[in-house]
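S.K.: Following this message is one structure expressed as structure tokens.
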Amino acid sequence: FTSAHLQLQGGKFDHADRLFASLGEAWESASRITLSDVKELTPEFYYMPELFTNTNSLELGTRQKDGRAVGNVELPPWAHGSAEECVRLMRKALESEHASQHMHEWIDLVFGCRQKGQAAEQALNVFHSLTYEGAVDVDLISDPVERMSTIAQILNFGQTPPQLF
């Protein structure tokens with residue numbers, strides 16, 4: 001994770017206020033505060049407690065908003081300060097009956113009928129146009145600055161998966 005982050009940020013860590021420092025703050029930002037703050041729960045959230053610990057004691061900076069140094073990710077109260085407990089409970093929730101009963105809704109948002117168009121708009125599931133497959137052909141962009149900017153945006157902010165159905 002460290003080398004990928006450094007490569008993305010030009011060889012240095014991003015500003016401490018933009019790093020993943022708190023699971024609760026990330027949730028609040030993506031679900032209530034900033035609707036354009038798109039977050040993914042990658043598979044590591046469900047099996048890799050090391051995701052939440054700064055095992056190498058890297059100097060990640062100090063947050064401007066509260067003056068705290070960034071280190072281990074701040075976990076929700078239900079994790080009782082344990083990255084292992086956090087992962088265990090996240091996996092338990094993912095494997096729950098509730099998640100199983102509603103998985104088709106997530107699949108429709110990500111891969112199906114609610115990924116694009118009016119159904120996506122109604123579900124508040126609309127993303128920047130460059131994230132959609134086939135939205136732009138970078139080979140047809142003649143301005144080198146615009147082309148590199150478009151490629152950088154796609155690489156750094158991701159793409160929406162292909163719509164399968």
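S.K.: Under a cut-off of 29 Å between alpha-carbon atoms, report the lysines in cross-link reach of LYS65, not counting same-chain residues fewer than 8 places apart.
M.R.: LYS12, LYS39
S.K.: From the protein chains alone at 1.4 Å, what is the descending order of accessible area for VAL38, VAL145, VAL136, VAL73, largest first? Write down the numbers at each step before the final one.
M.R.: Values: VAL38 90, VAL145 110, VAL136 55, VAL73 15 Å².
From most accessible down to least: VAL145, VAL38, VAL136, VAL73.
S.K.: Work from the charge dipole of the chain (Cβ charges, +1 for Lys and Arg, -1 for Asp and Glu, about the Cα centre) and give the residue of ALA79, HIS128, LEU51 farthest towards its positive end.
M.R.: ALA79
S.K.: A further question follows. Students often forget the sequence filter, so: which aspartates and glutamates lie under 17 Å Cα-Cα from LYS92 once same-chain residues fewer than 8 apart are removed?
M.R.: Once the sequence-local aspartates and glutamates are set aside, what remains near LYS92 is GLU44, GLU84.
S.K.: Give the separation of the Cα centroids, region 20-42 to region 43-112, in Å.
M.R.: Between the Cα centres of region 20-42 and region 43-112 lies a distance of 11 Å.
S.K.: Over region 40-124, what percent of the accessible surface lies on carbon and sulfur atoms, probe 1.4 Å?
M.R.: Numbers: 3130 of 5900 Å².
Result for region 40-124: 53 percent of the exposed heavy-atom area is carbon or sulfur.
S.K.: Toward the positive end of the charge dipole of region 64-151, about the Cα centre and with charges on Cβ (Lys, Arg +1; Asp, Glu -1), which of SER142, ALA119, ALA69 goes farthest?
M.R.: Positive-end residue among those listed: ALA69.
S.K.: State to the nearest 20 debye the size of the charge dipole of the chain about its Cα centre, where the only charges are +1 on K and R beta carbons and -1 on D and E beta carbons. Don't skip to the end; give the middle numbers.
M.R.: Values: 13 positive and 23 negative charges, 49 e Å.
Dipole about the Cα centre, nearest 20: 240 debye.
S.K.: Can you bin region 1-61 into rounded, prolate or oblate? Criterion: square roots of the alpha carbon gyration tensor eigenvalues sorted a ≥ b ≥ c, rounded for a/c under 1.5, prolate for a/b above b/c, oblate for the rest. Walk me through the numbers on the way to the answer.
M.R.: Working: a/c = 1.77, a/b = 1.29, b/c = 1.37.
Judged from the Cα gyration tensor, region 1-61 comes out oblate (a/c at least 1.5, b/c at or above a/b).
S.K.: Tell me the label only: which of [x] 116; [y] 179; [z] 154 is volume of the Cα convex hull per residue in Å³ as calculated from this structure?
M.R.: [z]
S.K.: Can you give the net charge of the other residues whose Cβ lies under 15 Å from the Cβ of HIS102, counting K and R as +1 and D and E as -1?
M.R.: Details: positive: ARG114; negative: GLU95, GLU97, GLU105, ASP108.
So the environment of HIS102 carries a net charge of -3.
S.K.: Related question: Amide H to amide H, which residues 5 or more places from SER22 or on other chains are under 5 Å from it, using H placed in the peptide plane?
M.R.: GLU74
S.K.: In Å², and per residue, what accessible area does region 1-158 have when probed at 1.4 Å with the other protein chains present?
M.R.: Accessible area per residue, region 1-158: 71 Å².
The values are calculated or read from the model by the stated rules, or taken from the named source; none is laboratory data. If you're wondering where the values come from, they're calculated on a predicted model, not measured in any experiment. Heads up, the Cβs are rebuilt from the backbone with ideal geometry, glycines too, and the neighbour counts pull from every protein chain shown. Accessible surface is based on the protein model in full, side chains and every heavy atom, while ligands, DNA and RNA are left aside. Shrake-Rupley method; radii C 1.70, N 1.55, O 1.52, S 1.80 Å.
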